[in-house]
Amino acid sequence: MILVTGGAGFIGANFILDWLASSDEPVVNLDKLTYAGNLENLARLQNDPRHVFAQGDICDRALVDSLLATHQPRAIVHFAAESHVDRSIHCPGEFIRTNVEGTFTLLEAARAHWSALPADARTAFRFHHVSTDEVYGSLTPTAAPFDEAHLYAPNSPYSASKAASDHLARAWFHTYGLPVTTSNCSNNYGPFHFPEKLIPLIILNALAGKPLPIYGDGLQVRDWLYVGDHCAAIRRILTAGLPGETYNVGGWNEMTNLDIVGKVCALLDAARPRADGLSYSAQITHVTDRPGHDRRYAIDARKIERELGWRPAETFESGIAKTVRWYLEHAEWVKHVQSGAYRDWVSRQYGGRGEQTTRKEH
Ligand code: NAD
Ligand code: DAU
């Protein structure tokens, strides 16, 4: 069994769905169900005994200890975080609590659990920490992409909190020998992406006839990776990654925000043309820039390719086409997210019905 934190969020849910599609090894999913946690993402697993859901906070040491003692996972895959840069600018406190204190709590609980294991199980145990390329800060237009030796230079409260969590993960390996691996990934996109982030926001605003907000000049550059490729990279690191190592994960796909929005609009123009015959790009509106906005991220993903044989399977063209189609075909999911009804999913699905095969423990 493995313990996944943040498995009701965007990447965590994709990870659990992909994991259980390719393996019968059960998953305990510890998630607080913040605004970003949506159990509807895992509706497909509702009657699947391989998924055990535990609602709770990664900062709750007693809860984490009890999950580790009960389920004896052979690995922890740590996704849970506050993940949205704009929210971190308005409300940094929760980012420090979850991303820094929460990671510290998990590392300490994992260390206690791991220390008591028999020798073979100690060697096999893994703590995989999921992090971001934003810890490296902003690149100039011609600078080489971030490799694993790049200096940390976080610029937002979000990236500073993730950088702090990376340092904790590193220290728990070097000081205590906890078998930690870390991945730093670029911008993900795909199904179940919460529509506060650029790509789903643009798709849904376009269809609703709303403005498509572009921060500043829209020439900021990000590297984009299809979420299924990120999940495959993490599975590969769990299998073959070396304790103490960091792996940068990216899509070899640098694009400006304006290019991204243009491609999304073109796909929507073809799939669901506007009634007036104009392109959705007519809805693009430049708005005030994000404070401290990083200009460019780019990932050098050669280490994970060379050492673990992972490369992204999707091109941006194939991944974005799948993503736009997914949003068009999942109107109900979109409706529940937009109305807030997804937050009632737990009580609707589990309320008063006793133990479920997809069990809710807390
Ligand atoms: P998300 O915001 O969609 O999901 C986060 C999940 O964590 C939610 O289900 C939420 O309920 C849960 N959570 C939050 N605080 C918690 C707490 N205190 N205790 C337990 N659960 C809690 O995030 P995401 O986009 O899926 O990102 C997952 C991880 O990947 C994060 O660590 C993020 O930093 C990292 N990452 C994300 C991207 C990206 O493009 N989205 C890229 C690189 C790295
Ligand atoms: O690089 C990895 C990071 O990617 C992850 O660590 C973060 O968790 C994830 O949220 C993402 O961060 P970004 O800030 O890059 O993602 P976001 O979708 O918020 O913004 C992408 C770019 O689009 C960024 O340059 C800001 C811009 N943007 C965003 C929004 C929401 C706009 O121009 N308009 C918008 O409305």
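Rule-based calculations on the coordinates, nothing more; no lab input. In this text the structure is predicted, and so the values were computed from the model without any measurement. Cβ coordinates were reconstructed from backbone atoms using ideal geometry, including for glycine residues, and neighbour counts include every protein chain displayed.
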Inset, instruction - Go over the candidates 212, 201 one by one and state the one that is within 11 Å of ligand 2 (Cβ to nearest atom) and out of contact with any helix residue (DSSP H, G or I) (no Cβ under 8 Å at 6 or more places or on another chain). - result: 201
Inset, instruction - Filter the stretch 27-50 for residues that are buried (at least 18 other Cβ atoms within 10 Å of the Cβ) and farther than 17 Å from residue 10 by Cβ and give the result. - result: 28
Legend entry - Unique match (being under 30 Å from residue 1 (Cβ atoms), out of contact with any strand residue (DSSP E or B) (no Cβ under 9 Å at 6 or more places or on another chain) and either buried (at least 17 other Cβ atoms within 10 Å of the Cβ) or among the aromatic types (Phe, Trp, Tyr) (or both)) among 232, 240: 232
Legend entry - Members of the stretch 144-169 found to be free of Cβ contacts under 8 Å to residues at least 40 places away in the same chain, over 30 Å from residue 38 (Cα atoms) and not aromatic (Phe, Trp, Tyr), listed by number: 149, 150, 151, 153
Inset, instruction - Kindly indicate whether residue 20 is touching a helix residue (DSSP H, G or I) at 6+ places or on another chain (Cβ under 9 Å) and in contact (Cβ under 8 Å) with a residue 40 or more places away in the chain. - result: no
Inset, instruction - Given the conditions (1) surrounded by fewer than 20 Cβ atoms within 10 Å (Cβ to Cβ); (2) away from ligand 2 (no atom under 16 Å from the Cβ); (3) of a type outside the set (A, V, I, L, M); (4) within 20 Å of residue 195 (Cβ to Cβ), report the number of the one that residue 86 does not fulfil. - result: (2)
Legend entry - Subset of the stretch 13-56 (residues that are within 16 Å of ligand 2 (Cβ to nearest atom) and within 25 Å of residue 121 (Cα to Cα)): 15
Legend entry - Identity of the residue in the stretch 190-229, touching a residue at least 12 places away in the same chain (Cβ under 8 Å), away from ligand 1 (no atom under 12 Å from the Cβ) and in a loop (DSSP other than H, G, I, E, B), that ends up surrounded by the most Cβ atoms within 10 Å (Cβ to Cβ): 220
Legend entry - Out of 82, 40, sole residue that is among the charged types (D, E, K, R), closer than 21 Å to residue 332 by Cβ and either within 14 Å of ligand 1 (Cβ to nearest atom) or in contact with a strand residue (DSSP E or B) (Cβ under 8 Å, 6 or more places away or on another chain) (or both): 40
Inset, instruction - Looking for whichever is closer than 30 Å to residue 128 by Cβ and out of contact with any strand residue (DSSP E or B) (no Cβ under 8 Å at 6 or more places or on another chain) here; the options are 292, 251, 277. Which one fits? - result: 292
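Table: residues versus (1) of a type outside the set (D, E, K, R); (2) within 12 Å of ligand 1 (Cβ to nearest atom); (3) in a loop (DSSP other than H, G, I, E, B); (4) out of contact with any helix residue (DSSP H, G or I) (no Cβ under 8 Å at 6 or more places or on another chain).
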position	(1), (2), (3), (4)
127	yes, no, no, no
130	yes, yes, no, no
135	yes, yes, no, no
138	yes, no, yes, yes
144	yes, no, yes, yes
150	yes, no, yes, no
158	yes, yes, no, no
163	yes, yes, no, no
171	yes, no, no, yes
Legend entry - Hits in the stretch 282-302 (condition: within 24 Å of residue 160 (Cα to Cα) and either among the aromatic types (Phe, Trp, Tyr) or not in a loop (DSSP other than H, G, I, E, B) (or both)): 296, 297, 299
Legend entry - Any hit, the stretch 281-294, residues being in contact (Cβ under 8 Å) with a residue 40 or more places away in the chain and surrounded by 23 or more Cβ atoms within 10 Å (Cβ to Cβ): no
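Let's see how each residue does on (1) within 11 Å of ligand 2 (Cβ to nearest atom); (2) in contact with a His (Cβ under 8 Å, 6 or more places away or on another chain); (3) among the small types (Gly, Ala, Ser); (4) farther than 27 Å from residue 131 by Cβ:
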position	(1), (2), (3), (4)
193	yes, no, no, no
218	yes, yes, yes, no
233	no, no, yes, no
238	no, yes, no, no
245	no, no, no, no
256	yes, no, no, no
260	yes, no, no, no
